[in-house]
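Enquirer: Starting off with a structure, shown below.
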Amino acid sequence: MKRFVAANWKMNGSLAANEELLRALIELPNAAEQVICPPAVYLSQVSELLSGTDIAMGIQNVDWHESGAFTGEVSTMMAKDLGCRYVIVGHSERRTLFDEDDAACCEKARATQSAGLTPIFCIGESKAERDAGKALDVVKRQLVAGLDGVSLQDLVLAYEPVWAIGTGDTASPEQAGEVHDYIRRELENIDKSLAQTVRILYGGSVKADNAASLFAMENIDGALVGGASLNAKEFSAICCA
Ligand code: PGA
């Protein structure tokens, strides 16, 4: 299977910067399944720039209601309408800065699949939780509570240790590999035949110079990339690692 590499632009970009970045990226080598997740207001622009390429698009967050009085929110059907195939769900910044708990993440993942889209479901422990020896327990809780009623059929997981996000402090391939192996075993407990089809991405300060060693681990199937996805050359190099 090809590696799967998703770009999480977070709250960065402008019409001009997006165009420059994507025009450059489209010309650069790529060996992965690429997904670009821009801020929601730029989905139309990005969809247009990506048309005719095999790069897919995703949204960084959705509301799980179908429609109605939810000022400022965007639904899964709206994301689909604009050409999204993926939805990032449960990113640690959503969990910590916007108080999204396991139940909310679960609602979003279910709504995403109901709309025919694929969640990129993020899990991962904080520094304090890792230091307390609780990393695997936290990941298990997030998986069990977050994936209740969610099919493994159309699902991408992203293991993103919170302490590695945006810090330059990447998990070592062994640290990440241990958790990815654990996640694969937990998925097998849920559904043995589908467990192998779920892509498990690593996220947290992935760069061109550490991607290959992470991708060498058996159960690391790709990456969710924040900061480095804003640089076309760097992102292309990760996609070719
Ligand atoms: P980072 O972000 O690559 O900048 O660490 C990853 C993420 O938040 O998905």
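The numbers here are math on the coordinates, done by the rules we state, and not lab data. Keep in mind it's a predicted model, so treat the numbers as computed, not measured. With ideal geometry, Cβ positions are generated from the backbone for all residues, glycine too; neighbour counts draw on all protein chains shown.
Enquirer: Could you work out how far the C-alpha centroid of the range 57-100 sits from that of the range 1-55, in angstrom?
Expert: Cα centres, the range 57-100 to the range 1-55: 18 Å.
Enquirer: HN-Hα J couplings of the range 146-159 from phi, Karplus 6.51/-1.76/1.60, θ = phi - 60°, integer Hz, Gly and Pro as x?
Expert: x, 9, 4, x, 9, 7, 7, 4, 10, 8, 10, 10, 10, 8
Enquirer: Here is a follow-up. Which of the three applies to the range 1-42, rounded, prolate or oblate, going by the alpha-carbon gyration tensor with a ≥ b ≥ c and a/c under 1.5 meaning rounded?
Expert: Because a/c hits 1.5 or more and a/b fails to exceed b/c, the range 1-42 counts as oblate.
Enquirer: Hey, another quick one. Which number do you get for Rg(Cα) / (2.2 N^0.38 Å) in the range 92-171?
Expert: 1.11
Enquirer: Provide the gained length on full extension for the span Thr96 to Val144, in nm with one decimal, where the gain is 0.36 nm per separating residue minus the Cα-Cα distance.
Expert: Values: separation 48, 0.36 × 48 = 17.28 nm, distance 1.90 nm.
In short, 15.4 nm is gained.
Enquirer: Ok, one more. Rounded, prolate or oblate: pick one for the range 18-112, where a ≥ b ≥ c are the square roots of the eigenvalues of its C-alpha gyration tensor, a/c under 1.5 means rounded, and failing that, prolate if a/b is larger than b/c, else oblate. Working shown, then result.
Expert: Details: a/c = 2.28, a/b = 1.80, b/c = 1.26.
Because a/c hits 1.5 or more and a/b exceeds b/c, the range 18-112 counts as prolate.
Enquirer: About the Cα centre of the range 108-153, how large is the charge dipole given +1 on each Lys and Arg Cβ and -1 on each Asp and Glu Cβ? Please answer in debye to the nearest 20.
Expert: On the way: 7 positive and 5 negative charges, 14 e Å.
Roughly 60 debye for the range 108-153.
Enquirer: If the only charges are +1 at each Lys and Arg Cβ and -1 at each Asp and Glu Cβ, what is the size of the charge dipole of the chain around the Cα centre, to the nearest 20 debye?
Expert: Details: 21 positive and 34 negative charges, 54 e Å.
Dipole about the Cα centre, nearest 20: 260 debye.
Enquirer: Treating only the Cα positions of the chain as identical point scatterers, give the base-10 log of I(q)/I(0) from the Debye formula at each q in 0.07, 0.10, 0.13 Å⁻¹.
Expert: Those come out to -0.20, -0.42, -0.74, one per q.
Enquirer: Using +1 at the C-beta of Lys and Arg and -1 at the C-beta of Asp and Glu, which of Trp9, Leu50, Cys105 has the Cα lying farthest in the positive direction of the dipole of the range 1-113?
Expert: Leu50
Enquirer: Shifting gears a bit: Kindly provide the Kirkwood hydrodynamic radius of the range 122-169 in Å, to one decimal, from all pairs of distinct alpha carbon atoms. Each step should come with its number before you reach the end.
Expert: Values: mean 1/r = 0.0865 Å⁻¹.
Computed over the range 122-169, the radius equals 11.6 Å.
Enquirer: Translational diffusion coefficient, Stokes-Einstein: compute it for the range 91-228 using the Kirkwood radius over C-alpha pairs as Rh, at 25 °C and 0.890 mPa s, and state it as an integer in µm² s⁻¹. Present the calculation step by step, with values, prior to reporting the outcome.
Expert: Values: Rh = 15.0 Å.
Result for D is 164 µm²/s.
Enquirer: Let me ask something additional. How big is the charge dipole of the range 32-115 about its Cα centre, in debye rounded to the nearest 20, if each Lys and Arg gets +1 on its Cβ and each Asp and Glu gets -1 on its Cβ? Numbers along the way, then the final one.
Expert: On the way: 6 positive and 13 negative charges, 29 e Å.
About 140 debye.
Enquirer: Counting other Cβ atoms within 10 Å, keep those with at most 15, restrict to DSSP loop, and tell me which trypsin sites (Lys or Arg not before Pro) in the range 123-166 are left. Let's see the in-between values first.
Expert: Numbers: sites: Lys127, Arg130, Lys134, Lys140, Arg141; in loops: Lys134.
Listed in order of number, the matching sites are Lys134.
Enquirer: Order the peptides 98-104, 178-184, 18-24, 223-229 from the highest to the lowest mean number of other Cβ atoms within 10 Å of their residues.
Expert: Listed from highest to lowest mean packing, they are 223-229, 178-184, 18-24, 98-104.
Enquirer: Could you point to the residue in Asn210, Leu136, Gln196 farthest towards the positive end of the range 110-241's charge dipole, with +1 and -1 charges on the Cβ of Lys/Arg and Asp/Glu respectively?
Expert: Gln196
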